[in-house]
Amino acid sequence: MIRICFHGAESTGKSVLAERLARELGCPWVPEYGRAYAEEHGTAFTMDDLLAIARGQDAAMRAACADRPPLVLLDTDPLMTSAWAQMLFGEVPDELLAYDKADHYLLFAADTPWQADGTRMFGSDAGRARFAAVAEEMLLRAGVPFTRIAGDWAAREQYVRRVIAALTA
């Protein structure tokens, strides 16, 4: 079983692409638990909210992996919640770094147009650049393998398809 996690700043195409590819490849897709949480509870997050989001994301990931499918696409994981903790509170609790990691991460660059949707927070150029840097910092801190994804929507999709094909060959 290979778990590939879509990781990076907001509004970079992760969710749309992960869901589309999971449908096409016939593999489980684990959506972003934090989005549903934010839609229900609002975005005035506390650290307790982020810990709850990480727990919910982890539970959803474990459920998707229970039958050990060959490939699982993760819209996000608790490592991205670590980036949120760093952005919002300037610290990362050990709990957020202790969760199981994906086998490979796709780090999406913040070089696409920003699209506000009511749950996204960091839309300025400076905010997006900082969030992208923090997201990468979490991958480096965790020591996990990752591939950078950048360019327009079509280029991103082509590159992600090639990376997934190589990882599952």
In sequence order, calculated HN-Hα J values of the stretch 126-140 (Karplus, 6.51, -1.76, 1.60; Hz; x Gly/Pro)
5, x, 5, 4, 5, 5, 4, 5, 5, 4, 5, 4, 5, 5, 5
Non-local residues with an amide H under 5 Å from the amide H of GLY8, with H modelled 1.01 Å from N and Pro and chain starts lacking one, are PHE108
For the stretch 61-69, what does the Karplus curve 6.51 cos²θ - 1.76 cosθ + 1.60, with θ = phi - 60°, yield as ³J(HN,Hα) per residue in whole Hz, taken in order and with x for Gly and Pro?
5, 4, 4, 5, 8, 4, 8, 6, x
Cα-based Rg of the chain normalised by 2.2 N^0.38 Å, two decimals
0.96
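Please give the length that would be gained between ALA44 and ARG161 if that part of the chain were fully extended, namely 0.36 nm times their separation in residues minus their C-alpha to C-alpha distance (nm, one decimal).
Length difference between fully extended and current span is 38.6 nm.
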If the chain between ARG20 and LEU51 were fully extended at 0.36 nm per residue, the gain over the current Cα-Cα distance would be 8.4 nm
Rounded to the nearest 20 debye, dipole of the stretch 2-168 from Cβ charges on Lys, Arg, Asp, Glu:
560 debye
I need the phi-derived Karplus couplings for the stretch 144-160: 6.51 cos²θ - 1.76 cosθ + 1.60, θ = phi - 60°, integer Hz, Gly and Pro marked x.
9, x, 8, 10, 7, 10, 8, x, 6, 4, 5, 5, 4, 4, 4, 5, 4
Return TRP153, TRP84, TRP29 ranked ascending by Cβ neighbour count within 10 Å, so the fewest neighbours appear first.
TRP153, TRP29, TRP84
Just order 73-83, 12-22 by mean Cβ neighbour count inside 10 Å, highest at the front, would you?
73-83, 12-22
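Any read-out appearing in this document is the output of simple, stated calculations on the displayed coordinates, not a laboratory observation. Note that the structure is predicted; figures quoted are calculated from it, not measured. Here the Cβ is made from the backbone with ideal geometry for all residues, glycine too, and neighbour counts use every protein chain on show.
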